[in-house]
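Notes follow once the structure below has been shown.
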Amino acid sequence: MTAVLSNWRGYLELTKPGVQALLFVSCASGMLIGSDFTPPIEAFFFGLIGISFLAASSAVINHFFDKQIDAKMARTSNRPLVMGDISDRAAITFSIMLYLSGALMLLLFTNVLTWILTTLTFIFYGFIYTRYLKFMTSQNIVIGGLAGAMPPLLGWTAITNSIDPNALLLVLIIMVWTPPHFWALAVYRVEDYTDADVPMLPVQKGVPFTKQHILLYTFLLLACTMLPYAVQMFGVVYLFSAIILGSIFLFYSFRLYKDETNESAMPTFAYSIIYLAALFAAMLIDHFIYL
């Protein structure tokens, strides 16, 4: 415990706090929408923390397995395990502590179904995707994106103890959002992935092919975001927000598609993060208005 406190920034980095923030927002949104903004306080608080702890635990495992790859990439070469700031053994111990603490919260304050779904997500991302799937196909992020798309369903299930079709629509939106989001970063960092021998789409199929698919997936994303309105899950506030936010995303994607210098890759990546956060904010506002 003393070691964790003395190097808390390193341990925090192992949990990938930037990713966790988006997962936290989408998970909380699932809880609030699924309960019509009246979730049981204990289930909401401990469910949110428990799900976040399991996600953080899988992120630590990702750091552990990717240590050699991270050392070859400029973006990740200063991570705690690569630099030796935290030992492999300490990282694994930290991951186990996070999992056990989170699992206990889910079992005590939510339900078994949430624990099972969250644990399956933990296994899928921490072991199946990180250890095997990432290296098997250039479509790795398309399939692996399911893990990052699960938080709205996990939050919804934590409150309702059920798998609701509307929650699955939120999973679909994040899953379709993931490829254009991550491929924009991969275009910018294509040399890193080439050096690390990770078969990301721009490495295997080339940057122009990847940019084309970013644009196509953004069109698909815009279509998917219309579905919650089509099934009357949300109203016109959400609809107009989704259209405006999606149109801006299309602008960024098209600009990147036409950009031979690829300087638009990082602005596209940055906007994709803003887009998802704003889209879920629109969902919450719309649902609150039409309660």
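The values are calculated or read from the model by the stated rules, or taken from the named source; none is laboratory data. Small disclaimer: the values here were computed from a predicted structure and weren't measured. Cβ atoms come from the backbone with ideal geometry, glycine included; neighbour counts cover every protein chain shown.
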Residue in the range 266-274 that is without any contact (Cβ under 8 Å) to a residue 60 or more places away in the chain and among the hydroxyl-bearing types (Ser, Thr, Tyr) present:
yes
Does the range 199-213 contain at least one residue that is within 18 Å of the chain's Cα centre (by Cα) and closer than 30 Å to TRP156 by Cα?
no
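Residue-wise test of (1) in contact with a Lys or Arg (Cβ under 8 Å, 6 or more places away or on another chain); (2) polar (S, T, N, Q).
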{"residue": "GLY84", "(1), (2)": "no, no"}
{"residue": "ASP88", "(1), (2)": "yes, no"}
{"residue": "MET97", "(1), (2)": "no, no"}
{"residue": "GLY102", "(1), (2)": "no, no"}
{"residue": "THR110", "(1), (2)": "no, yes"}
{"residue": "TRP115", "(1), (2)": "no, no"}
{"residue": "LEU120", "(1), (2)": "no, no"}
{"residue": "PHE127", "(1), (2)": "no, no"}
{"residue": "ARG131", "(1), (2)": "no, no"}
Given the condition surrounded by fewer than 16 Cβ atoms within 10 Å (Cβ to Cβ), in contact with a His (Cβ under 9 Å, 6 or more places away or on another chain) and touching a residue at least 24 places away in the same chain (Cβ under 8 Å), answer yes or no: does some residue in the range 195-207 qualify?
yes
Of those in the range 63-111 that are in contact with a Phe, Trp or Tyr (Cβ under 8 Å, 6 or more places away or on another chain) and among the hydroxyl-bearing types (Ser, Thr, Tyr), the residue farthest from SER52 (Cα to Cα) is THR110
Picking from THR178, THR160, which residue would you name as being out of contact with any Asp or Glu (no Cβ under 7 Å at 6 or more places or on another chain), hydroxyl-bearing (Ser, Thr, Tyr) and under 22 Å from GLY47 (Cα atoms)?
THR160
Within the range 147-171, take every residue that is surrounded by fewer than 19 Cβ atoms within 10 Å (Cβ to Cβ) and of a type in the set (A, V, I, L, M, F, W, C) and give me the one that is nearest to LEU279 (Cα to Cα).
LEU168
Yes/no for PHE24 being of a type in the set (Phe, Trp, Tyr) and either assigned to a helix (DSSP H, G or I) or assigned by TED's automatic domain parsing to the domain that holds ALA278 (or both)
yes
Please work out if PHE65 is farther than 30 Å from VAL203 by Cα and touching a residue at least 40 places away in the same chain (Cβ under 8 Å).
no
Out of all the residues in the range 52-66, is one or more touching a Lys or Arg at 6+ places or on another chain (Cβ under 7 Å), surrounded by 20 or more Cβ atoms within 10 Å (Cβ to Cβ) and closer than 26 Å to HIS181 by Cα?
yes
